[in-house]
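Here the structure comes first, spelled out in structure tokens, and everything after it is commentary.
No lab work stands behind these numbers, since they all come straight from the coordinates. If you're wondering where the values come from, they're calculated on a predicted model, not measured in any experiment. Neighbour counts are summed over all protein chains in view; Cβ atoms, including those assigned to glycine, are modelled from backbone coordinates with ideal geometry.
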Amino acid sequence: MNAVTGARRGARRKRSAVALARSWLRAHGAAAVSALRQLRRQPVNTTSTVTVIALALALPFVGYIALGNLGSIVGDWDRAATLSVFVGGDPGPDALARLADDMQLIPGVGGADIVRKDAALAELAADESFGNVLPLLDENPLPDLIVVRTDAAVLTDSQELEAIRARIASRPEVSAVVMDTAWIGRLVALMAIVERVLVLLTVGIGVGVAVVVGNTIRLNIAMREDEIVISKLFGATNGYVRRPFLYAGLWQGLAGGLLAAMFVVVACILVKPGVSALASTYGSAFELAFPSPAQWLGAVVIGGALGLAGAALSVSSHLRHQDRLP
Amino acid sequence: MILFDAVSKRYDGDQDALRDVSMEVAAGEFVFLTGHSGAGKSTILRLIALIEHPSRGQIVVDGRNTARISARELPYYRRQIGMIFQDHRLLPDRTVFDNVALPLVVAGHSPLEISKRVRAALDKVGLLSKERRLPPALSSGEQQRVGIARAVVNRPKLLLADEPTGNLDPALSREILRLFGQFHQVGVTVVIATHDIGLINQVPARTIALRDGNVVRDTHATLEALP
Ligand SMILES: Nc1ncnc2c1ncn2[C@@H]1O[C@H](COP(=O)(O)OP(=O)(O)O)[C@@H](O)[C@H]1O
Ligand SMILES: [Mg+2]
């Protein structure tokens, strides 16, 4: 007896779980579709909201793409700074070698290579454009050169780099020190700042997008006030009333994110030839990288999340008032 | 079914809309609420439907103290009540079918069940042929019948009608009243607020008369027969 009723109760519970799942799906499906219909009924509003979302999201998106491309340029570089140390007078090979050894002992220095002025002149003579001029000189005008490479970590530490430069320059034999790659260090430091600014910008724009969506949803709520009130009078739960608005926010956010990615691709297509031309003047075969699939997905997900958040905020602050009114 | 115990209602700042009203309506009763405009008829219906809350006193509906019904439970409470308004309160941009379906849709019934019950309700009020129309394309009497179909489609225990014949001529009013009589006969408790004396005189039903928020007369007459 007990086993039978237990089994019957179990079956009933199972059936009601299935029924519950089915009615949950039905409720969400209906809300999702009704939200789409509602958005289609106001094509101008919907299009402008989606475009505003897309433009707003495209802004930081372009920033991240630019940053990613710059990062790949900088990443190609040997991550060490080099200093060209010019040695005055004619110290001779032994003194030059000693000087180079001393420099290697400076903390942060990874290596020092000597370029003798004879060798430099020979190299220059091999170059056609200078080859004809050099015989006119009766003396080698080039100084001896020591190329000092720092450790990789020094590159972005401008203070340490400056300390190394000062120590080298303090040697009486040294006539001049030129930092060839200091700009990369500056660029990397700048990129770190830009990245932080981008994060702040993204957060700010995210809030803006949520507010824009929240505002359109607020207008939609106001427009459908009668329907909300009547639905509530006939037993609609708050969840039932909220759902279509949440989906409306979600759809607009997702569409905005997708459109933002498209805008960025169009921007990339437009600037790509220019970037390639610029890179080739530096002897680089650099090609602009387009948004990756992960970035597309990221834009859509972030757009959707912001749309949903904006709608949720709007719905929770504007639907509360209709709880009891006729 | 409905119990008012020393209920007073005062809207913000105003004078009392109801003063110390006590009354009881048994399950399955058919009751008219009458009185001049502003007497408090609509307020009583709104208190029963929990659209408003009493300032003082207790209201018990179907054995439940309405003060203890939480915001969460409210929708489920309202699904047991069918409401009919003088101004119909139909959604003008939804078909007759969709308007009548609303209480079933919000309760999450299956499309098959919804279509079956909506057709049955529309058949009952004689508007099955107009299910695809929009409310503005219907006459006032037809719109009121759509409102009645919507109120009964969920098979509520309690029907509350606020001036249901307010804009209708006597023939249409009789027609509407006949519908309420039919629901009453299948066990539904019916409360009709009206100042239409002509309507009341057609039916020997219990009448609770209000004046300035007080119950001034309660016939307690049991309903013998309806037209
Ligand atoms: N929402 C409201 N706010 C303030 N006063 C109201 C409100 N609704 C009704 N009243 C007042 O309460 C009293 C009773 O109104 P009501 O119940 O609508 O009467 P009836 O339906 O009998 O005409 C009237 O004096 C009316 O002005
Ligand atoms: Mg009234």
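Overview of results
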item	result
Those chymotrypsin sites (Phe, Trp or Tyr not before Pro) in segment B:1-55 that DSSP places in a loop and that have at most 16 other beta carbons within 10 Å	B:TYR11
Links that overshoot a 22 Å alpha carbon limit, given the list B:LYS41/B:LYS130; B:LYS9/B:LYS41; B:LYS124/B:LYS157; B:LYS41/B:LYS124	B:LYS41/B:LYS130; B:LYS41/B:LYS124
Charge dipole (debye, nearest 20) of segment A:216-326; +1 at Cβ of Lys and Arg, -1 at Cβ of Asp and Glu	260 debye
Cα-based reach from A:LYS232 at 15 Å (exclusive), listing aspartates and glutamates while leaving out same-chain residues under 8 positions away	A:ASP323, B:GLU52, B:GLU73
Most positive-pole-ward Cα, A:VAL301, A:ASN215, A:LEU99, against dipole of chain A from beta carbon charges	A:ASN215
Of A:SER34, A:MET179, B:ILE2, farthest towards positive along the dipole that unit charges on Lys, Arg, Asp, Glu beta carbons give the protein assembly as shown	B:ILE2
Among B:GLY147, B:VAL186, B:THR165 the positive-end extreme of the charge dipole of segment B:145-191 (Cβ point charges)	B:VAL186
More than 26 angstrom apart: percent of Cα pairs within chain A	68 percent
Three-way shape label, segment B:27-170, alpha-carbon gyration tensor, a/c 1.5	oblate
Exposure rule at most 13 other beta-carbon atoms within 10 Å, DSSP loop GluC sites (Glu not before Pro): chain A longest free segment	A:140-286
About the Cα centre, charge dipole magnitude for the protein assembly as shown (Lys/Arg +1, Asp/Glu -1 at Cβ), debye	4920 debye
B:LEU112-A:VAL207 pseudo-label distance in nm [points 7 Å out on the Cα-to-Cβ vector]	5.3 nm
Where trypsin sites (Lys or Arg not before Pro) in DSSP loops with at most 11 other Cβ within 10 Å are excluded, longest remaining stretch of chain B	B:133-227
Neighbour count of at most 14 Cβ within 10 Å plus DSSP loop: longest GluC sites (Glu not before Pro)-free window in chain B	B:74-223
